[in-house]
1. With the cut-off at 1.5 for a/c, could you classify the chain from its C-alpha gyration tensor as rounded, prolate or oblate?
2. Can you give the % of DSSP beta bridges in region 48-127 that are antiparallel, to the nearest 5?
3. Arranged by the count of other C-beta atoms within 10 angstrom, fewest first, what order do 85, 5, 41 take?
4. Taking the mean number of other Cβ atoms within 10 Å as a proxy for protection, how do you rank 29-36, 54-61 from highest to lowest?
5. Relative contact order of the chain, please, whole-number percent, based on alpha carbon pairs below 8 angstrom and at least 6 residues apart.
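Throughout, read-outs are computed from the coordinates displayed, never taken from laboratory work. Keep in mind it's a predicted model, so treat the numbers as computed, not measured. Note that each Cβ is placed from the backbone with ideal geometry, even for glycine, and that neighbours are counted across all protein chains shown.
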């Protein structure tokens, strides 16, 4: 059985590294990118099974990256995208709704163990 691939897009080096390590410990292939532009390029090139992204990144934020991915074709419309953010605003909620994200997780309310648990549950359903 091939490992499922997850792309982690996060501009905080320490959080990205910890999340990558936790996912690798659960036997996922993990790619990482330090911003939305790199995340978009990596996603289109590697076509992971799931993308976990921060929202607030510059110059391309996570929601803009997700929008571009959704518009990129069949794979982009179907890939699981989870946002992991400290933002919890009504402005983001409007942008999020149209993107049909798999999950919207708030960092302050979600431990990394819970993130991993969510990832496993979502990918298990996909099989």
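1. On the way: a/c = 1.33, a/b = 1.14, b/c = 1.17.
Judged from the Cα gyration tensor, the chain comes out rounded (a/c under 1.5).
2. Values: 0 of 8 bridges.
Roughly 0 percent of the DSSP beta bridges within region 48-127 come out antiparallel.
3. Values: 85 24, 5 16, 41 12.
With the fewest neighbours first, 85, 5, 41 line up as 41, 5, 85.
4. Details: 29-36: 19.4, 54-61: 17.5.
Highest-to-lowest ranking by the protection proxy: 29-36, 54-61.
5. 21 percent
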